[in-house]
1. Take the residues of segment 301-335 that are among the small types (G, A, S) and touching a Ser or Thr at 6+ places or on another chain (Cβ under 6 Å): which is surrounded by the most Cβ atoms within 10 Å (Cβ to Cβ)?
2. Within segment 511-525, identify whether any single residue is assigned to a loop (DSSP other than H, G, I, E, B), surrounded by 19 or more Cβ atoms within 10 Å (Cβ to Cβ) and either at pLDDT 95 or above or under 14 Å from the mean Cα position of the chain (by Cα) (or both), and answer yes or no.
3. Pick out the one residue from A362, A382 that is among the small types (G, A, S) and at pLDDT 90 or above.
4. Pull out all pairs, ordered by first then second residue, where Cβ-Cβ is under 9 Å, the residues are six or more apart or on different chains, the first lies in segment 148-171 and is outside any helix (DSSP H, G or I), and the second is aromatic (F, W, Y).
5. Could you tell me whether segment 475-493 includes any residue that is assigned to a loop (DSSP other than H, G, I, E, B), out of contact with any Lys or Arg (no Cβ under 6 Å at 6 or more places or on another chain) and under 25 Å from F404 (Cβ atoms)?
6. Any idea which of G203, G221, G208, G292 is touching a Lys or Arg at 6+ places or on another chain (Cβ under 8 Å), within 30 Å of A444 (Cα to Cα) and at pLDDT 95 or above?
7. Anything in segment 532-565 that is part of a strand (DSSP E or B), in contact with an Asp or Glu (Cβ under 7 Å, 6 or more places away or on another chain) and over 30 Å from L510 (Cβ atoms)? List them, or say none.
8. Inspect all residues belonging to segment 586-595 and state whether any of them is modelled with pLDDT of 95 or more, crowded, with 18+ Cβ neighbours inside 10 Å, among the polar types (S, T, N, Q) and assigned to a loop (DSSP other than H, G, I, E, B).
Amino acid sequence: MNFLPFRVLIFVYAIAVFFFQLYGRFCNWSERFLTPECDDNLFFDFIVVGGGSAGAVVASRLSEDKGHSVLLLEAGGSPSILFDTPSVAPMLQKTDYDWQFVTEPQKNSCLALNNNASIWPRGKILGGCGRLNFMMHVRGDPRDFDSWAASGNQGWSYEQVVPFFKKSETHPNQKSRFRGRNGPIHVDYLSWTSPLVELFLKGGQALGYAVGDLNGDLTEGFSVTQVNVAHGKRLSTDSVFLKKKMNNLKVLTFSHVEKILFHGSRAIGVKFSHKGKTKFAYSTKDVILSAGAVGSPQILMLSGVGAADHLKQHKIAVIRDLPGVGSNLQDHVTTGANNVLLEGKSAAMGLNLATMLSPFTAWQYFWSKSGPVSSNGCEAYAMVYSSEKTNRSSTPPDVQLLFFPTGHSFEGGTVLKDITGTRTEVWQSYFAPFEEKAVASIFAVLLRPKSRGSIRLKSSNPYQHPVINPNYFNHPDDIETIVRGLQLVQKLVESDPFKSNGASFNPFPLPQCKLHEFASFEYWECYVRHMTGTVYHPCGTCKMGPSADSAAVVDDKLRVHGMRGLRVIDASIMPTIVGANINAATIMIAEKGAQLIKDFWSNRAISSTYRDFFVWNTKKSHSCDMFL
């Protein structure tokens, strides 16, 4: 197959991305500049650091009270219309809109990746990862949240967080008590799927699973993917929560926060760089970190909040010794590309390069916002148990299956090889042979990893990426679970709905594991240690928990332990990772966190006299020269 047309298309996309980056850098609709003078405009009730999935929600909800002044700081720029197109998500990775993090080399995983390291795309743009992700809206199992509450976090049981899931969404099933009706984010099933998705769903039914709403009362089963897409366009929190201009909310892009400012144990503001110039902003109520599972712990440590020994190594003055900062890192890992071979009828049921490049497909999207371009690629998924022996009444599913009607090889390695960091020799030996074959992929995802990693400072330089060590497969149970997940995938593909249409489990072994008998436990263990992929769900690095928990960073009101005026509201507060794509839970955390703040300050109004004194005292303590 000639891949020149696709490479031409990629070149066109690259040119488009370049010009949209220029647009975003010089034409930010949302940017309201702070003046360098020492005046009252530098003072806000709330400062929110990070304009991603959580931060955009928090800033918007707090500014609903017209008596509040809110500053939202985002290190990246504003998104262009290119980001509205669902299918271009992979092409936006490794651009200026991506932090482009890379983990430390892994000992037990990622052996097929360059330097044995995993590439971690994270959104450096308003909307954050909600602008780069695959738009899947999956809440998680009710028992995920009940376990948070059981570990000492009052108010975080499933029944208590359901209202905050519902608050942000509008779902067409108005009869379900679990679904939202009037929220700003439209959640619905994909409007377009390939015919191949029926084999996945019917295969699940053949194995005894139900098909239904996995965000409703069904916790185990198969489902067409629910997404944050409306009329063929991606919806992220910035596009819906920050759409309306509010005079009491200032949004400042290209603003990299370097550290939090403290007066004793109270956070009073932030130091940040805006387009190369140092700026300061001050808060009379709260500084709120919503910089994500990598950014939030990094900023805390740079500011002197973290493990004392680690901070001293980097000559950072210790404000608060909190050893849990940056620990408890969790992520979902996955594997399984190209594992379904499509022949016979099934060969025409998947999604191929010719379809993606056809003029009809382009016309279909640009005219009616439908067709393959309107899809996120992951057409369906399942929540399953890796073992039949599991007590289903007390334990949630531990494996997720993700169905893609394509393989990694369909575009000739132009994009996927680069964004996954796959070694060239692995690509050539395992993926390249399928460039002209019809294949699909059913990935197995480890939902509840027992392995724990960490985020640590590489230096005291706020512009140097931290040391990210996810410790994938450090716990032996993780290997066993994901191997059983792959065995379940094989069983699914060998079911009658697949076989009767000519689809079969791909028998081609990974050359790096050919010493083991194909499909044996030893083979799959070798396979997953090589073909380890992130699902882009890092969390847990500012763990929520009671003060008696030495690993906890914030309490159940999301206040940093031992500090005043400082909260963390994003995925980093998850005590344990939810068994789902984490964006929906992150938005819920933001909704609940914003309400906690509103409730707290509703009974503690700051008088104008106090605010005037705060402004006067801060000006007195910090010369205006600091703002120049």
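1. This residue is G326.
2. no
3. None of the others qualify; the one that does is A382.
4. From segment 148-171, the pairs are W156/F145; W156/W148; S157/F145; S157/W148; H171/F178.
5. Checking segment 475-493: not a single residue is assigned to a loop (DSSP other than H, G, I, E, B), out of contact with any Lys or Arg (no Cβ under 6 Å at 6 or more places or on another chain) and under 25 Å from F404 (Cβ atoms).
6. Checking each option against the conditions leaves just G292.
7. M544 - this is the single residue of segment 532-565 that is part of a strand (DSSP E or B), in contact with an Asp or Glu (Cβ under 7 Å, 6 or more places away or on another chain) and over 30 Å from L510 (Cβ atoms).
8. no
The values are calculated or read from the model by the stated rules, or taken from the named source; none is laboratory data. Note that the structure is predicted; figures quoted are calculated from it, not measured. Note: ideal-geometry Cβ built from the backbone for every residue, glycine included; neighbour counts use all protein chains shown.
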